[in-house]
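Accompanying notes for the structure given below.
The values are calculated or read from the model by the stated rules, or taken from the named source; none is laboratory data. Worth saying up front: this structure is predicted, and the values here are computed from it rather than measured. Neighbour counts are summed over all protein chains in view; Cβ atoms, including those assigned to glycine, are modelled from backbone coordinates with ideal geometry.
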Amino acid sequence: MAYQNYILLSLLWIAYCVAHSALISITVTDFLRRALGNKYRFYRLFFNVFSLGTLVPLLMYSYSGHWKTEPLFSWAGLRIVQYSLIALAVILLLTAARHYNMLQFLGIKQILQEKSGGAMTASGEFDSSGVLGVIRHPWYLGVFLLLWATDITLGKLIINLVLSAYLVIGTFLEERKLVLEFGDKYRVYQHRVSMFIPLKWLKSRRPI
């Protein structure tokens, strides 16, 4: 397959990630909050619909038969490791979901309550219990594991690299927003709990 096709594939995914990040950046959301007033409560739902609506055709294009080539890496012979990574990812996604208000995450709660903003946690307040006391971003880690726990073709490698970079960059951008929202409380949380790898949690469990 011509290398130009892979360049196009990478550019499409980069464009999606840039657009996704721009739409939830502090600059854009603050501007829209001022410009839209109370109508800003619809923005989260619009963002989710836009994200999904642009993601589906991109996925269909990226994983069509057009891109089927011999894998650069296969988990054959390492299926136990692969399935363990997938299981860990699912556990992270499900256990973290218990701490978030899914209606708030989807943008429905804001419309029903006619109020924008607010934390995504189930309580509506800062939450560091459960899995959030082990790592700060279990959802992002779960997605990262799912990305790489598959056989890797050249096309998949490009997609995974772009999305992995986006997860890391997006996490730092989100952390900036969380510091603005929760202030010193979140700074203490950053100092106490690791971002992805639970090194601080493991260290705290070591016998003295």
Meets criteria (modelled with pLDDT of 95 or more, closer than 24 Å to Gly170 by Cβ and among the polar types (S, T, N, Q)) for Thr121: no
Count of residues meeting criterion [crowded, with 16+ Cβ neighbours inside 10 Å, touching a Ser or Thr at 6+ places or on another chain (Cβ under 9 Å) and not basic (Lys, Arg)] in the stretch 155-169: 6
Options Ile135, Ile152; residue that is touching a helix residue (DSSP H, G or I) at 6+ places or on another chain (Cβ under 8 Å), surrounded by 14 or more Cβ atoms within 10 Å (Cβ to Cβ) and farther than 18 Å from Gln82 by Cβ: Ile135
Odd one out for Phe196, checked against (1) assigned to a loop (DSSP other than H, G, I, E, B); (2) over 19 Å from Leu145 (Cβ atoms): (2)
Inter-residue pairs, beta-carbon under 6 Å, first touching a residue at least 12 places away in the same chain (Cβ under 8 Å) and in the stretch 37-62, second part of a helix (DSSP H, G or I) and basic (Lys, Arg), 6+ apart: Tyr40/Arg33
Breaking point among (1) of a type in the set (A, V, I, L, M); (2) surrounded by 11 or more Cβ atoms within 10 Å (Cβ to Cβ); (3) out of contact with any helix residue (DSSP H, G or I) (no Cβ under 6 Å at 6 or more places or on another chain); (4) within 30 Å of Leu178 (Cα to Cα), for Leu93: (3)
Qualifying positions in the stretch 170-184 - among the aromatic types (Phe, Trp, Tyr) and surrounded by 15 or more Cβ atoms within 10 Å (Cβ to Cβ): Phe182
Selection count where residues are touching a residue at least 40 places away in the same chain (Cβ under 8 Å), more than 21 Å from Tyr3 (Cα to Cα), out of contact with any Leu (no Cβ under 8 Å at 6 or more places or on another chain) and not in a helix (DSSP H, G or I), scope the stretch 148-189: 1
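Among Leu180, Leu154, Leu173, Leu145, which is closer than 20 Å to Lys200 by Cβ and of a type in the set (A, V, I, L, M)? Give the steps one after another, and end with the answer.
Details: Leu180 fails: closer than 20 Å to Lys200 by Cβ; Leu154 fails: closer than 20 Å to Lys200 by Cβ; Leu173 fails: closer than 20 Å to Lys200 by Cβ.
None of the others qualify; the one that does is Leu145.
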Subset of the stretch 56-77 (residues that are over 14 Å from Leu147 (Cα atoms), hydrophobic (A, V, I, L, M, F, W, C) and surrounded by 13 or more Cβ atoms within 10 Å (Cβ to Cβ)): Leu58, Trp67
Failed item, numbered, when Ala15 is tested on (1) closer than 22 Å to Ile111 by Cβ; (2) free of Cβ contacts under 8 Å to residues at least 40 places away in the same chain; (3) surrounded by 11 or more Cβ atoms within 10 Å (Cβ to Cβ): (1)
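I'm trying to understand the selection: among the residues of the stretch 19-38, which are surrounded by 12 or more Cβ atoms within 10 Å (Cβ to Cβ), of a type outside the set (Ser, Thr, Tyr) and assigned to a helix (DSSP H, G or I)?
Ala19, His20, Leu23, Val28, Leu32, Arg33, Leu36
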Which numbered condition Val81 fails, given (1) on the phi > 0 side of the Ramachandran plot; (2) in a helix (DSSP H, G or I): (1)
